[in-house]
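Here's the structure, in structure tokens; my notes come after.
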Amino acid sequence: MTTWNDTDPPALAPPSLPKRLRGGIRVGSMLLVTLVALGLFLVGRALRHWLGRWVTFHFSVARWWSRICLWLTGLRHEVEGMPIGAGALMANHCSWIDILALRSCTLIYFVSKAEVANWPGVGFLTRVTGTVFIERRRVEAKRQEEILLERVQAQQLLCIFPEGTSTDGLRVLPFKSSLFAAFHHDGHGEDIMVQPVSLRYLPAEGSGLPPSFYGWWGSMGFEQHIWDVCCRSSGGVARVIFHPPVRATAFADRKALAAHCGAAVAEGHARAGPARLSASGA
């Protein structure tokens with residue numbers, strides 16, 4: 001998988017002692033909340049397996065975990081529009097924070113690159129929460145189209161990042177059309193809905209943080225970025241815009257569908273820019 005690396009991360013001065021203390025409290029709180037939520041989620045998943053599909057409380061646990069962790073990153077959630085119930089979300093990819101921002105809205109199953117399954121800690125969390133892992137190799141394309149189609153036909157809501165990489169959050173890269181092929185698989189797709197989603201993160205006015213602060217890209221360390229966000233972020237905004245959904249078969253092919261989604265996401269991303277940001281004391 002190609003990693004976007006077209007600009008250098010911003011150079012930041014070391015955080016002050018109060019900010020480091022805040023970061024330590026936030027990271028510790030995230031770990032505690034994650035352990036409690038994971039335990040409840042695993043219990044709910046086991047009960048669902050034994051007792052039936054009516055057991056759903058663990059899905060609410062996952063949603064509240066996301067909301068609490070998003071708050072601990074110093075971000076206020078702003079949502080425009082409503083997510084569909086089943087189908088596929090096509091979103092731009094800025095950061096690991098995307099998971100929190102989107103899962104705070106509804107029950108979502110993410111589509112991720114296969115190597116994430118082997119990341120320490122994160123890999124386990126993504127596996128138990130139903131993430132779909134894919135390998136972007138041509139020889140795997142057919143099998144992975146079938147997996148995506150099966151999940152959508154089971155009335156799940158998938159989230160795909162068609163840029164194929166995360167960025168600095170200041171742009172939307174052209175959407176790759178390969179994963180859109182699942183929604184035209186063997187002529188199926190007439191009942192499959194696809195919804196573009198724009199994500200944008202804005203530091204608080206006067207915070208002194210660069211506009212790309214929440215972006216995670218290139219060779220930036222995962223743990224270091226979490227630490228930086230927890231130390232420095234306060235009063236920022238995480239904007240999520242759910243655009244009108246479209247029926248997959250309303251488009252001639254996957255490339256036309258990808259182009260439509262990419263254009264909608266880019267428009268929303270631009271519209272959610274700094275001009276709309278209001279100061280917050282969060």
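Summary table
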{"item": "With every protein chain in place, the chain: carbon and sulfur % of accessible area (1.4 Å)", "result": "60 percent"}
{"item": "Residue among Ala256, Leu209, Ala62 farthest towards the positive dipole end of the chain, charges placed on Cβ", "result": "Ala62"}
{"item": "Dipole in debye (nearest 20) - the chain, about Cα centre, beta carbon charges: Lys, Arg +1; Asp, Glu -1", "result": "600 debye"}
{"item": "All lysines inside 16 Å of Lys255 as judged from Cα atoms, apart from same-chain residues fewer than 8 positions distant", "result": "Lys176"}
{"item": "Estimated distance in nm for a label pair at Leu21 and Val122, the labels positioned 7 Å out from Cα along Cα-to-Cβ", "result": "3.0 nm"}
{"item": "Antiparallel DSSP beta bridges within the chain, percent to nearest 5", "result": "30 percent"}
{"item": "Cα-centre dipole for region 24-82 with unit charges at Cβ (Lys and Arg positive, Asp and Glu negative), debye to 20", "result": "180 debye"}
{"item": "Gyration tensor verdict on region 53-100 (Cα atoms; rounded if a/c is under 1.5, prolate if a/b is larger than b/c, oblate otherwise)", "result": "oblate"}
{"item": "Relative contact order (%) - criterion: Cα under 8 Å, at least six apart; region: the chain", "result": "27 percent"}
{"item": "Anchor Lys19: aspartates and glutamates whose Cα lies under 17 Å away (excluding residues fewer than 8 positions away in-chain)", "result": "Glu223, Asp228"}
{"item": "Extension gain (nm, one decimal) between Ala11 and Ala270, 0.36 nm per residue minus Cα-Cα", "result": "90.8 nm"}
{"item": "Semi-axis lengths, Å, region 1-131, gyration tensor of Cα atoms, sqrt of 5 times eigenvalues", "result": "28, 20, 16"}
{"item": "Chain lengthening between His49 and Ser207 when straightened (0.36 nm per residue, less Cα-Cα)", "result": "52.1 nm"}
{"item": "Ellipticity estimate at 222 nm from DSSP helix runs (n ≥ 4, -39,500 (n - 2.57)) divided over the chain, nearest 500", "result": "-12500 deg cm²/dmol"}
{"item": "Projected label distance in nm at Leu32 and Thr3, using a 7 Å step from Cα toward the beta-carbon", "result": "3.3 nm"}
{"item": "Residue-normalised accessible area of region 207-273, expressed per residue, 1.4 Å probe, Å²", "result": "38 Å²"}
{"item": "The chain: DSSP helices with Cα axial extent of at least 24 Å and average Kyte-Doolittle hydropathy no lower than -1.0", "result": "17-51, 254-271"}
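The values are calculated or read from the model by the stated rules, or taken from the named source; none is laboratory data. Remember, predicted model here, so these are calculated numbers, not experimental data. All Cβ positions, even for glycine, are placed from backbone atoms using ideal geometry, and neighbour counts span all protein chains on display. Quick note on the areas: whole protein, heavy atoms, side chains included, nothing else; ligands and nucleic acids left out. Shrake-Rupley method; radii C 1.70, N 1.55, O 1.52, S 1.80 Å.
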